[in-house]
Amino acid sequence: MSKQAADFSQGSVRGAVLRMAAPMTLAQLINILYNIVDRVFIGQIPVTGRLELTGLGLCLPIISIIMGFANLCGVGGGSLFSIHRGEGDDDECRAILGNSFALLILLGVAVTAVLLTLREPLLWLFGASEDTFGYANDYLTIYLCGTLFVMISLGMNPFINAQGFATIGMLTVALGAAINLILDPILIFLYGMGVRGAALATIIAQGCSALWVLRFLTAKTTPHRLTLAGLRLKARRVQRIFALGLSGFFMNLTNSLVQIVCNATLQTTGGDLYVGVMTVVNSLREVIFLFAQGLNNGAQPVMGYNYGARLYGRVRQTIRFSVSCTVGYAVCVWLVTMLLPGQLIRIFNGEEALIEAGIPAMRIYFCMFLFMSLQIAGQTVFTALGRSKNAVFFSLFRKAIINAPLTVLLAHWMGSTGVFTAEAISQFVGGLACFTTMCLTVYRPLSRLEDGEALPIHRHHLPQRHV
């Protein structure tokens, strides 16, 4: 089939964003199914379900770290790719694609070796107990064997989306999710493998997704395809990929840090029950966040392309549209989580003790989601336009500087409730700070530029045009 990369400089900005966002949001939803479906099935295992679910939850910080390394190359390379595609620099686009793939392979091998070696002490550090360690260790050992599959499928899919093929990008994760959905009940229940079956189903599914991505990106009909020549690493190019990817990397890394601190603190203040509550809340957070992230992921290549083409009016239109949709969605989420927390928790586990503890925790955790949505929108603009320093700072600011210390401090004062309160405070402060900074340093300066005009300010924050 003949394929032609999308031209985001033409037609309606709103239409371009929605055409990208719809399949990318669905892709995000399907991608979350990899882990969410595992947790739903595991939570229904008779007798040991809650403990096995808690054990899987202890693995989430490590899984988040792996996804962070995939984002380091995928988000950074994809954003840089979009800017150069807008400039019409096809040679650099192919080089960025190849360098990103080579980096994913190198990092994947290194991450697998390190985490397999350190997995046992890490799980104890993250809040494992005698009752949950065995389940966590079984799941993680198998999952880590598929790290390369995860890195390739997550890290290379942005290059499909950046060329305008969001539907094909969606099919990348749809294929894996369908396989995972089929294999989970077979391996977990029919073969009685429990968490081991869930992990095995996940890595088989990710392997299929990785093969799909590589098949598309190496096809002769793909406009910007992966070639052997592009794999040759160049230090300056790698530096630029990492600079833009650090935002996504630190977002995952700080999420992991906070999960570690939360699990360890909750193990001390509330035991396995509250670690289980946090596992459920984090699972719901992944589903809730994905629609906002999917919309903004759809807007990101449109912003980057038009910025590279110096069509600043279209960049501003994209920002306004993505922000308004994100905020509207956040209001709906707030209403649902405040009114129906018990029903949402029962999706994962029906134990009354878990539901009773989880309802107030969930209401506290999501009470400031409106401000969190502003951070998602602001981060997207910074990343899309190459403002790597801003993107990295706000990734660290909310989680590492505000959330993690507050979790420990408030837990001493409020017990387990303090852990969830710390998240709400960090959403309010971090989201407001990020969005305000974006408006003052990006949106307003862009409004003073005419289309086609060279940028007179802030040039040192951005990836240099072809040198």
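The values are calculated or read from the model by the stated rules, or taken from the named source; none is laboratory data. Model, not experiment: these values are computed from the prediction. Ideal geometry is used to build each Cβ from the backbone, glycine not excepted, and the neighbour counts take in all protein chains shown. Each accessible area value is taken on the protein alone, full model and side chains, heavy atoms only, with ligands, DNA and RNA left out. Shrake-Rupley method; radii C 1.70, N 1.55, O 1.52, S 1.80 Å.
Side notes on the structure shown:
- Selected residue (only one of V429, V392, V381 is modelled with pLDDT of 90 or more, buried (at least 20 other Cβ atoms within 10 Å of the Cβ) and within 23 Å of the chain's Cα centre (by Cα)): V381
- Condition met for R346 (open to solvent by 10 Å² or more (accessible area, probe 1.4 Å), without any contact (Cβ under 8 Å) to a residue 24 or more places away in the chain and touching a helix residue (DSSP H, G or I) at 6+ places or on another chain (Cβ under 7 Å)): yes
- Region 311-338, residues that are buried (at least 19 other Cβ atoms within 10 Å of the Cβ) and among the charged types (D, E, K, R): R314, R316
- The residues of region 379-438 include none that are at positive phi and free of Cβ contacts under 8 Å to residues at least 40 places away in the same chain.
- Residues of region 189-203 classified as open to solvent by less than 70 Å² (accessible area, probe 1.4 Å) and either in contact (Cβ under 8 Å) with a residue 40 or more places away in the chain or not in a loop (DSSP other than H, G, I, E, B) (or both), total: 9
- Count of region 143-167 residues which are part of a helix (DSSP H, G or I) and open to solvent by 30 Å² or more (accessible area, probe 1.4 Å): 5
- Single residue of A264, A243, A299 found to be under 16 Å from the mean Cα position of the chain (by Cα), of a type in the set (G, A, S) and part of a helix (DSSP H, G or I): A299
- When region 125-172 is filtered for residues that are among the aromatic types (F, W, Y) and modelled with pLDDT of 90 or more, the ones remaining, listed by number, are F133, Y135, Y139, Y143, F149, F159.
- Residues satisfying the criterion are absent from region 52-68 (criterion: within 19 Å of N306 (Cα to Cα) and in contact with a helix residue (DSSP H, G or I) (Cβ under 8 Å, 6 or more places away or on another chain)).
- Applying the condition of being among the hydroxyl-bearing types (S, T, Y) and over 21 Å from L80 (Cα atoms) to region 92-127 and asking which residue is least open to solvent (accessible area, probe 1.4 Å) yields T112.
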